[in-house]
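See below for the structure under consideration.
Please treat every number below as a calculation from the coordinates, not as lab data. Fair warning: this is a prediction, and the values are worked out from it, not measured in the lab. Positions of Cβ are backbone-derived with ideal geometry, glycine not excepted, and every protein chain shown enters the neighbour counts.
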């Protein structure tokens, strides 16, 4: 059975350390740390983004196409206990996500070019991925690596995250590669602030985000890391 899509609002901002400090202090009185965060209120995310033979996800984002999709495999805190293959769907200012769990052997098979592990007729999303791998040559392109500090509120189902230390692997595309040492992809001082919510953003939280100079921006981690690779390794899009 195909997963029902739930679209949410998504806003993104680049913020400097001063803005980050002020917003964090305001939100701590309005929201709670995500239950999945560790003792320091953070967890580590590593994603492997895929694109097709035409680099459709990259070119559509750079071209300002409003409705687009991205595929990625994601893990947390470097562990293979939870591995998801995800599709992020964007329609104007709204996003939705479809995902399926992978086992480590399934991941290893995909990375070895054995896409038959995705040929599961009872799983529509896996079948979609299988068709994309076989027909559109969907392939691993870049590792995106960062530390996330998340806050949540049940009012409006709001989730606000501070994504820090954005890094990328250079020539690596295996998220479990021993000794993988991703390099910084943006200025050390910059954080990507993401705001996600359902029908409404509560007034108090909206007020907490009001800062002089805070401007909503396009902040695609995938594009930032692909551009970094192109600049620093002469990768051909």
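I need the Debye-formula profile for the stretch 146-185: one equal scatterer per C-alpha, no solvent, reported as log10 I(q)/I(0) at q = 0.14, 0.24, 0.35 1/Å, two decimals.
Taking Cα atoms of the stretch 146-185 as identical point scatterers yields -0.47, -0.79, -1.11.
What is the helix-to-structure angle for 124-135, meaning the angle in degrees between its Cα long axis and the longest Cα principal axis of the chain, kept from 0 to 90 and rounded to the nearest 10?
Around 60 degrees separate the two axes.
Averaging sequence separations of C-alpha pairs under 8 Å and six or more residues apart, then dividing by the length of the stretch 8-233, give the relative contact order as a whole percent.
On the way: 414 pairs, mean separation 65.0, N = 226.
Taking the mean separation of contacting Cα pairs over the length of the stretch 8-233, I get 29 percent.
For the chain, find the longest principal axis of its Cα atoms and tell me its angle to the long axis of helix 221-233, 0 to 90°, nearest 10.
60
What residue among 137, 170, 211 shows peak mean-square fluctuation when the chain is described by a Gaussian network model with Cα springs under 10 Å?
Of the options given, 211 has the highest mean-square fluctuation.
Rounded to two decimals, what is the ratio between the C-alpha radius of gyration of the stretch 1-48 and 2.2 N^0.38 Å? Mind showing how you got there, number by number?
On the way: Rg = 15.1 Å, N = 48, 2.2 N^0.38 = 9.6 Å.
Rounded to two decimals, the normalised Rg is 1.57.
Nearest 0.05, what FRET efficiency do residue 134 and residue 37 give at R0 = 41 Å with Cβ-Cβ as r? All intermediate terms of the calculation are to be shown ahead of the outcome.
Working: r = 39 Å, r/R0 = 0.94.
That gives a FRET efficiency of 0.60.
Using only Cα atoms, figure out Rg for the stretch 1-125 and give it as a multiple of 2.2 N^0.38 Å.
Working: Rg = 17.6 Å, N = 125, 2.2 N^0.38 = 13.8 Å.
Expressed relative to 2.2 N^0.38 Å, the Cα Rg reads 1.27.
Express in nm, to one decimal, how much length is gained between residue 198 and residue 54 on full extension, taking 0.36 nm for each residue of separation and deducting their alpha carbon distance. Mind dumping the intermediate values first?
Working: separation 144, 0.36 × 144 = 51.84 nm, distance 3.31 nm.
Once the chain is fully extended between residue 198 and residue 54, it gains 48.5 nm.
Under a 10 Å cutoff between Cα atoms, tell me which one of 49, 151, 200 has the largest fluctuation in the Gaussian network model of the chain.
Between 49, 151, 200, it is 200 that shows the largest mean-square fluctuation.
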